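A.B. asks: Here you go, one structure.
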Amino acid sequence: MTTTTTTTAHPKVASREEWLAARKDLLAKEKELTKHHDRVSAERRRLPMVKIDKDYVFDGPEGKRSLRDLFDGRQQLIVYHFMFDPKWDEGCPGCTGYVDSLGDLTLMRERNTSMVLISRAPLAKLEAYKARKGWTLPWLSSYESDFNYDFHATADEDVAPVEYNFRDAAELAAMGSKPKGEMHGLSVFFRVGDDLFHTYSSYARGVESLTDSFSLLDVTPYGRQEDWEDSPAGWPQKPTYG
């Protein structure tokens, strides 16, 4: 029999026994990673929050909307900062890929959490792009608002940015050491009566895996609201399968 060789890159070929031993070793590390994720999420649920005193107003299909309106009557709000500069005719390809990757968010809404997209581009550009993509997630324009600047989704050259979660120093250096212009990110807000609070923000790679209800709920103060979570006393929780 003639064996055909190729130049295709591939993992090392091993026996079933060798593969199983390596797989069990990796599984132990995967389990520790899951447990570490749970510990970090528990710490995130204990972050303090900052009261919002500024009245932010956005343009939406139904007219002017306040930040409070975006909660849609729920207690938690997640905002995805979609990169769309007012001068652009199309949205950021990376942000487009992120929204395309979002799953069914019904579970999140059932757990008292809303989600919207916000960009600086005028509403007409957002509506045209949204229709073209067939998206249904609410998308608001912050064109005449300080919102993007205040939550570090837009940075002018003379504005010192917050710490972004870049891959490494080389990636940051490639951007000129200080990010400027539009940035993609995610911010979380919490409502207590009529008062609104900022609880969390993340940018760059800190957002890339937040594409399903569970991972998005993990960055909110209430988390998944299941009884196995290490949450502060009084947090809403119920059995995972009950």
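The values are calculated or read from the model by the stated rules, or taken from the named source; none is laboratory data. Treat the numbers as computed from the prediction; the structure is a model and nothing was measured. Please note: Cβ atoms are built from the backbone with ideal geometry, for glycine as well, and neighbour counts cover all protein chains shown.
A.B. asks: Considering each residue of the range 137-149, count those that are in contact (Cβ under 8 Å) with a residue 24 or more places away in the chain and outside any loop (DSSP other than H, G, I, E, B), and give that number. Talk me through it step by step, then tell me what you get.
C.D. replies: Filtering the range 137-149 for residues in contact (Cβ under 8 Å) with a residue 24 or more places away in the chain gives 137-148.
Then keep just the ones that are outside any loop (DSSP other than H, G, I, E, B); that gives 139-141, 147-148.
Count: 5.
A.B. asks: Could you list all residues from the range 84-120 that are surrounded by fewer than 22 Cβ atoms within 10 Å (Cβ to Cβ) and over 20 Å from Ser215 (Cβ atoms)?
C.D. replies: Answer for the range 84-120, where residues must be surrounded by fewer than 22 Cβ atoms within 10 Å (Cβ to Cβ) and over 20 Å from Ser215 (Cβ atoms): Asp85, Pro86, Lys87, Trp88, Asp89, Glu90, Cys92, Pro93.
A.B. asks: Can I ask one more? In the range 210-242, what residues are among the hydroxyl-bearing types (Ser, Thr, Tyr), under 21 Å from the mean Cα position of the chain (by Cα) and either outside any loop (DSSP other than H, G, I, E, B) or exposed (fewer than 11 other Cβ atoms within 10 Å of the Cβ) (or both)?
C.D. replies: Ser213, Ser215 - these are the residues of the range 210-242 that are among the hydroxyl-bearing types (Ser, Thr, Tyr), under 21 Å from the mean Cα position of the chain (by Cα) and either outside any loop (DSSP other than H, G, I, E, B) or exposed (fewer than 11 other Cβ atoms within 10 Å of the Cβ) (or both).
A.B. asks: While we're on this one: Output the number of residues of the range 90-136 satisfying the condition of being without any contact (Cβ under 8 Å) to a residue 24 or more places away in the chain and of a type in the set (Ser, Thr, Tyr). Walk me through it before giving the result.
C.D. replies: First pass over the range 90-136, keeping only residues without any contact (Cβ under 8 Å) to a residue 24 or more places away in the chain: 93, 97, 110, 124, 128, 130-132, 134, 136.
Filter again for of a type in the set (Ser, Thr, Tyr), leaving 136.
Qualifying residue count for the region: 1.
A.B. asks: Could you check Arg132 against (1) modelled with pLDDT under 95; (2) more than 23 Å from Val50 (Cα to Cα); (3) surrounded by fewer than 19 Cβ atoms within 10 Å (Cβ to Cβ) and say which number it fails?
C.D. replies: (1)
A.B. asks: Quick check: anything in the range 121-129 assigned by TED's automatic domain parsing to the domain that holds Val207 and under 16 Å from the mean Cα position of the chain (by Cα)? Walk me through how you get there before you give the answer.
C.D. replies: Going through the range 121-129, the residues assigned by TED's automatic domain parsing to the domain that holds Val207 turn out to be 121-129.
Applying the additional criterion that residues be under 16 Å from the mean Cα position of the chain (by Cα) yields none.
So far as the range 121-129 goes, no, none of its residues is assigned by TED's automatic domain parsing to the domain that holds Val207 and under 16 Å from the mean Cα position of the chain (by Cα).
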